[in-house]
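In what follows, a structure is listed as structure tokens, so that the remarks can point back to it.
The values are calculated or read from the model by the stated rules, or taken from the named source; none is laboratory data. What you see is a predicted model, and the numbers here were worked out from it, not measured in a lab. Counting neighbours? That spans all protein chains shown, and the Cβs are built from the backbone with ideal geometry, glycine included.
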């Protein structure tokens, strides 16, 4: 091959690499005054403001008093610039895990005496871009709760490595103005049958799953949400009905709530609010 052709091929390769680098999205520029909540879009590297967050007042969340108080205290410490832990909210479906995170953010944002607290939602599918998000917000004049709802990992997934690095142990690590909250139905973020399968097929069973299981250990707070008993469920229904000003009698509300739970095969905050939406619709009231 002639020297001229060889140099031409090198030049073309360098041009291709440069073009690819220019096409790679970087952290978007955003103004904190736009909103107190954002959604991170990993594909474009952009923080999109959420003008109206779907949430309920903190006082409406019933039957989770202990975990509410722990997470509220942790978040208040963080908003004051004090020490605080990343938190994993795990357990039964529909018991208010994600609702609690959003309600606490709103409650603290509505008070004075705290630093500007911003909620950033990241989808599980975008976790590989988490380091990029950290760089985008690390120098901002605010404190950030990065929130991932319904976090879990299945066989073959590697995005948990990005989260693990940010939570603890990476060279950059988690910025001082960032806290990570996640919700999951699994305490160890991976299904039990996957753990058992990897243990049974690995050369060194304990090391095969240690990396994934240890991800949970990197959350300083583990807050468990358990299935509701009937008394708590009825208290949730009553609280929602009162908040939305329903005119149904207490006796009729109790009967409808018990029947509703029986047809759903579950008692939870999600089931309770679904019933109240139905009752509000019957009374011609919006929620």
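At least 3 residues that are at pLDDT 90 or above and buried (at least 18 other Cβ atoms within 10 Å of the Cβ) in each: list the strands (runs of 3 or more DSSP E) lying fully within the stretch 34-127 that qualify.
37-41, 87-91, 117-122
Do we find that residue 157 is in the same structural domain as residue 85 (by TED's automatic domain parsing), more than 23 Å from residue 72 (Cα to Cα) and either out of contact with any strand residue (DSSP E or B) (no Cβ under 9 Å at 6 or more places or on another chain) or modelled with pLDDT of 85 or more (or both) in this structure?
Yes.
Please verify whether the stretch 222-236 includes one or more residues that are at pLDDT 90 or above and closer than 22 Å to residue 166 by Cβ.
Yes: the stretch 222-236 contains one or more residues that are at pLDDT 90 or above and closer than 22 Å to residue 166 by Cβ.
How many residues does the stretch 51-71 contain that are touching a residue at least 12 places away in the same chain (Cβ under 8 Å) and over 21 Å from residue 270 (Cβ atoms)?
Summing the residues that are touching a residue at least 12 places away in the same chain (Cβ under 8 Å) and over 21 Å from residue 270 (Cβ atoms) in the stretch 51-71 gives 2.
Among the candidates 279, 234, which residue alone is crowded, with 20+ Cβ neighbours inside 10 Å and more than 26 Å from residue 67 (Cα to Cα)?
So the residue among 279, 234 that is crowded, with 20+ Cβ neighbours inside 10 Å and more than 26 Å from residue 67 (Cα to Cα) is 279.
Do we find a residue being under 19 Å from residue 58 (Cα atoms) and touching a residue at least 12 places away in the same chain (Cβ under 8 Å) anywhere in the stretch 79-86?
yes
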